[in-house]
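To start, the structure itself, in C-alpha cells.
The values are calculated or read from the model by the stated rules, or taken from the named source; none is laboratory data. What you see is a predicted model, and the numbers here were worked out from it, not measured in a lab. FYI the Cβ positions are ideal-geometry reconstructions off the backbone, even for glycines, and counts take in every protein chain you see.
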Amino acid sequence: MALMSAFTSFNLPVKNVAQSKAFFTGLGFDLNPQFPDNENSAAIIIGDNLQVMLINQAFFTTLTEREIVDTSKYAQMTIALAFESREKVDEIVNTALSLGGKLHAEPEDHGIMYHWGFVDLDGHLWAINYMNMGAAQG
C-alpha cells in the first residue's frame, strides 16, 4: 500500500485558548486563518501538513464522553517535532520556557539526533528534535 500525503490535525484540550494561542504564536507558529479563532478554539499551523487545534476544555468535553487526562499526573502522549538544526531546537525550547512552559527533559545529544523537550501551559509534552542525516548516512 502506498503512503498518501495527508493533512494532520490533532486536538489538545486547553484551559485558556487565548493564553495557549499566545504561547504557540510566541514560539513562531502561525494561526490558521481558515479555522475559527474564538474563545472555544484556535488552529495553530505547526508544519506544511500539520496543525494543532487548541480547544477549550469545557468545549472539548462536548466532543467526547471520555474524561480529559489530568496532565499534572499522566502523560497521554508526547508530541515530537523535528527541525532543521540544533540551534532551532534550542531556540524553540528556550522560548517555550520564557513563555511559561516547563522543562520536560535535559538536552540529549546522540550524535545522529539532538533532543530537548518542554511541557506547554496545559501540561502537554513536546519533544523537539534535530536529526543529523549526514551522521545517519555515516
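Side notes on the structure shown:
- Some residue of the range 128-138 being aliphatic (A, V, I, L, M), modelled with pLDDT under 95 and surrounded by 13 or more Cβ atoms within 10 Å (Cβ to Cβ): yes
- Qualifying residue in the range 44-54 (condition: within 19 Å of Ser9 (Cβ to Cβ) and of a type in the set (D, E, K, R)): yes
- Yes/no for His115 being over 22 Å from Lys21 (Cα atoms) and in contact (Cβ under 8 Å) with a residue 24 or more places away in the chain: yes
- Set side by side, the residues Leu54, Leu63 differ, and just one is closer than 26 Å to Ala6 by Cβ, exposed (fewer than 12 other Cβ atoms within 10 Å of the Cβ) and touching a strand residue (DSSP E or B) at 6+ places or on another chain (Cβ under 9 Å), which is Leu63.
- Cross-chain or 6+ apart pairs with Cβ under 9 Å, the range 73-90 first and loosely packed, with under 12 Cβ neighbours inside 10 Å, then in a loop (DSSP other than H, G, I, E, B) and not small (Gly, Ala, Ser): Met77/His124
- Looking across the range 3-50, the residues that are more than 22 Å from Ile68 (Cβ to Cβ) and either acidic (Asp, Glu) or touching a residue at least 60 places away in the same chain (Cβ under 8 Å) (or both) come down to Gly26, Leu27, Gly28, Asp30, Asp48.
- Near pairs, Cβ below 9 angstrom, 6+ apart or cross-chain, from the range 57-71 (over 22 Å from Leu125 (Cβ atoms)) to any residue that is in a loop (DSSP other than H, G, I, E, B): Ala58/Asn40; Phe59/Glu39; Phe59/Asn40
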